[in-house]
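Inspection log for the structure reproduced underneath, given as structure tokens.
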Ligand SMILES: [Zn+2]
């Protein structure tokens, strides 16, 4: 409104000026050679104004014409962006719905509209993978890995593919590259740990494992792999200290101490292990040096002194006392064990042996033995090393099940508890 008033005022001023000059008279004379044109001053002014106006309009028109392609391009790009983003959304929906062909169509459309951005390349790879076209997916991942801003994404995809086709050397190389691209990524740590387990690289797996008792079997496995005795001993000590209740580690650590001339410390390790979690192999290692039956009972009493009421402690003393003909002591331990409800088959077999020692080959003795043997037949089985993946029983602990090749699945079972991994 104000503009309109200004224009009208300017127009009025202009007209007034022209009328005033027409009233004043005078003019402009243009002379070319002999020809002379006389133009009244007001008309000359009008002509000049008109020429200015035409020139101005001409320049404005040329400017608009020159900007026209850029404007059209910007408009086209804006349209492509909108269409591309819509295609990205549809591709995501198709991926989530598990329809690979639709996803591929939408991803192609998105790539056509938006070009090769990290998002479109990632979607391409995912759609190709969903469609089972691993080669095409690998190409997209490689394109991602070649970009500085999306290198980790590409390497991650390639690593996942390598793991899937069980190409361990490539997977390890990619894991190292990914670690360099994105140090400390939690996902990568998990993958590297899985890789280390798959490639049986126990040292690497140990270094990557979360602190806790799960490290003990890895440390022991690393020790078994270690050719240098000093380093192996250190790993065995680490395994034992991480989990004193993990019998294989305690046995290895104690054996090494005994071999290197520290039998007292070896016994101390076995006692500590028994206190943490009694295991028959620990008892065997502890008392096997003794051959005299009475000395064996004494040694066993020393071993179990920290937890004498544990079923394994009662069973151990009961059996050894039977062998030493300490029948009263044996009966006391074994009956306490059966009364506790935690006895397994071994306790009833030990009681049968006790009857034989106590009563000899008499009708009473045979009847008592028969009773215990019947009970042994229905009792819970003795604990053992068993693979939780395939259910095979093993004589000793091993980091990898030789039957089904599962890692970390061999655990000590017992009637009262579920298998313990490791
Ligand atoms: Zn197995």
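A compact table of results
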quantity: Residue 188 being touching a residue at least 24 places away in the same chain (Cβ under 8 Å), within 26 Å of residue 141 (Cβ to Cβ), assigned to a helix (DSSP H, G or I) and in contact with a strand residue (DSSP E or B) (Cβ under 8 Å, 6 or more places away or on another chain); calculated: no
quantity: Any hit, the stretch 145-165, residues being closer than 27 Å to residue 227 by Cβ, in a helix (DSSP H, G or I) and at pLDDT below 90; calculated: no
quantity: Considering residues of the stretch 99-142 that are in contact with a helix residue (DSSP H, G or I) (Cβ under 7 Å, 6 or more places away or on another chain) and not in a helix (DSSP H, G or I) only, the residue nearest to residue 83 (Cα to Cα); calculated: 116
quantity: Near pairs, Cβ below 7 angstrom, 6+ apart or cross-chain, from the stretch 396-409 (without any contact (Cβ under 8 Å) to a residue 24 or more places away in the chain and within 18 Å of residue 193 (Cα to Cα)) to any residue that is more than 10 Å from the ligand (Cβ to nearest atom) and part of a loop (DSSP other than H, G, I, E, B); calculated: 409/421
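The values are calculated or read from the model by the stated rules, or taken from the named source; none is laboratory data. Here the structure is a predicted model, which is why all the values come from computation and not from measurement. All Cβ positions, even for glycine, are placed from backbone atoms using ideal geometry, and neighbour counts span all protein chains on display.
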